Amino acid sequence: MAAENLEEIVSLCKRRGFIFPSAEIYGGLQGVYDYGPLGVELKNNLKTSWWKSNVYERDDIYGLDSAILTHRKIFYYSGHESTFADLLVDCKQCKKRWRLDHLKDGKCEACGSSNLTEPRAFNMMFKTTMGPVEDPDAFAYLRPETAQGIFANFKNVMDSMSPKLPFGIAQIGKAFRNEITPRNFIFRVREFEQLEIEFFVKPGEDEKWHEYWVESRLAWWKNQGLNTERLKLLTPNTSELAHYAKATVDILYKFPHGFEELEGIANRTDYDLGSHTQDQGKLNINAKVAVNKESIAKLTVQDPPGSHFIPYVIEPSAGLDRGVLAILTEAYEEETLKDNKKRLVLKIKPHLAPVKVAIIPLKRNDSLLVEKAKNLKNAILALGIGRIAFEDTGNIGKSYRRHDEIGTPLCITVDFDTIAKSENTENHDTVTLRDRDTMQQKRINLSRLDEYITNYFA
């Protein structure tokens, strides 16, 4: 089971502290969201899982964190200044503005009118001035993708790490697009985060590696808990490809609003490194036609020695925010219990759960129980599995329901048997361990707790 209504997800996120509308006290900022106390944990856990899988567990991918403010020449030579645009139209009837390819049957989504303006191109990159004086030529862009920061640092990584083909550069970072019509909660927004790899290969081996990365990325999303039946692959028509792509395969997920792109795996050939190599630092940026001149830095590799060539690149690029939305959609489940009461539970994979374990003393403000529970929290925290919550509410039932809703896999109750002084008591030095998905409870000795939890989250 998964959420079929986006409003269910939006309500849960606001109520339980996952995601808030940005600047809500001033009416909100369209297409911009803030991650709350639990949302930032889920987001960080998904980033950690991606980084671990693609950087730590491999020997052929290196990490990078390039700047958000980007030199305008980078996006001039990459083609973004001339091609990174969507067609927009205005409704003459209700004055609403829309992205042309989002309209159904060529009608305004607000009023249904077909009386629209002629489509016109709108470049989605954000500009910002740099320096103390507002010089029209002194500006930079907020990057619309993290990829170009990787390409611009290709030579730096080559010189410092001396990698051999094939190898990749991975980056997690913010990107900014001035979307005409942000929509569907955090699916399409103006400020978002990307999980991106540029994997450099020899020309001629690109199709093999493209296929490899499609399979690898699909398997990874399944390991994050996404149901196979809600995932599918899409190969766009040649006419729909980006200007830099030889081929693309999109991984689609069935969000509440339908199947949409979760991640794209593109064969970018040598377009980007070639573009930056040809003209770097030599041209008049205002020239309409680039003049090929020798570059200051050749973004090439040698193989064999003395023979230079520009490698091809395979790019798996995922939207982190879309990943969070997919995880929440998949995990959302409303169950009917034996007493006909409803239970809302987020069945998030344990390694992604915002709170890994909740420690709950049976009685509120009982000094001995609270002290034991806090000591237990610190002991489990030292295991390094993530956030451990201490909850002194005094109502075990409500605590369980709250942690079901936020996806906490395990709740541990500290009761009077736990702190019993007599070692002859059957449950002396034990706690109650409750599983989120089955709701089953069992007693476990504190001496075995560390091992149990470590294995559970392994």
| task | Using only the Cα atoms of the stretch 343-395, build the gyration tensor, take square roots of its eigenvalues as a ≥ b ≥ c, and label the shape rounded, prolate or oblate: rounded if a/c is under 1.5, else prolate if a/b is larger than b/c, else oblate. | result | oblate
| Fewest to most neighbouring Cβ within 10 Å: what's the order for Leu273, Leu87? | Leu87, Leu273
| Among residues other than Arg230 whose Cβ falls under 13 Å from its Cβ, what is the net charge (Lys/Arg +1, Asp/Glu -1)? | -1
| request: Please give the helix 320-331 orientation as an angle from the longest Cα principal axis of the chain, in degrees from 0 to 90, rounded to the nearest 10. | output: 40 degrees
| What is the Cα centroid distance between the stretch 224-242 and the stretch 36-107, reported in whole angstrom? | 17 Å
| task | Report, in degrees rounded to the nearest 10, the 0 to 90 angle that the Cα long axis of helix 37-51 makes with the longest principal axis of the chain. | result | 60 degrees
| query | Relative to the compact globular guide of 2.2 N^0.38 Å, what is the alpha carbon radius of gyration of the chain, as a ratio? | reply | 1.16
| message | Sequence gap at least 6, Cα distance under 8 Å: using those rules, report the relative contact order of the chain to the nearest whole percent. | response | 14 percent
| query | Given H placed on each backbone N at 1.01 Å, which residues far from Ile19 in sequence or on other chains put an amide H within less than 5 Å of it? | reply | Lys14, Gly36
| request: Please give, to one decimal in nm, the separation of the simple spin-label points placed at Ser216 and Phe20, each 7 Å out from Cα toward the Cβ. | output: 3.9 nm
| field | Coarse-grained scattering of the stretch 322-410 at q = 0.13, 0.15, 0.25 Å⁻¹, given as base-10 log I(q)/I(0) from a Debye sum over alpha-carbon atoms | value | -0.50, -0.64, -1.18
| task | At 37 °C and 0.692 mPa s, grab the translational diffusion coefficient of the stretch 355-456 from Stokes-Einstein with a Kirkwood Rh over Cα pairs, rounded to a whole number in µm² per second. | result | 242 µm²/s
| query | Arranged by the count of other C-beta atoms within 10 angstrom, fewest first, what order do Val370, Val10, Val189, Val313 take? | reply | Val370, Val10, Val189, Val313
| remark: Rg/Rh of the stretch 75-230 (Cα atoms, Kirkwood Rh), to two decimals, equals 1.05
| Least to most buried among Asp206, Asp60, Asp101 (fewest other Cβ within 10 Å first) | Asp101, Asp60, Asp206
| note | Note on the stretch 119-170: contact order normalised by length, alpha-carbon pairs under 8 Å, 6 or more apart, percent, works out to 26 percent
| remark: Taking a ≥ b ≥ c as the square roots of the eigenvalues of the Cα gyration tensor, with a/c under 1.5 meaning rounded and otherwise prolate when a/b exceeds b/c and oblate if not, the stretch 1-156 is oblate
| note | The pairs in Lys104/Lys232; Lys338/Lys372; Lys47/Lys374; Lys349/Lys372; Lys95/Lys174 lying past 25 Å Cα-Cα in this model are Lys338/Lys372; Lys47/Lys374; Lys349/Lys372; Lys95/Lys174
| said: How high is the relative contact order of the stretch 355-456? Use alpha-carbon pairs under 8 Å, at least six apart in sequence, and give a whole percent. | reply: 28 percent
| said: For Gly407, what residues show an amide H to amide H distance below 5 Å, using hydrogens built from the backbone and excluding near sequence neighbours? | reply: Leu346
| task | Give a residue-ordered list of calculated ³J(HN,Hα) values for the stretch 441-458 (Karplus: 6.51 cos²θ - 1.76 cosθ + 1.60, θ = phi - 60°; whole Hz; x for Gly, Pro). | result | 10, 8, 8, 9, 6, 4, 5, 9, 5, 4, 5, 4, 5, 4, 5, 4, 9, 5
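Read-outs: derived from the displayed coordinates by stated rules, not from any lab. All figures in this text were calculated on a predicted structure; none of them were measured in a lab. Here Cβ is always computed from backbone atoms with ideal geometry, including for glycine, and neighbour counts include all displayed protein chains.
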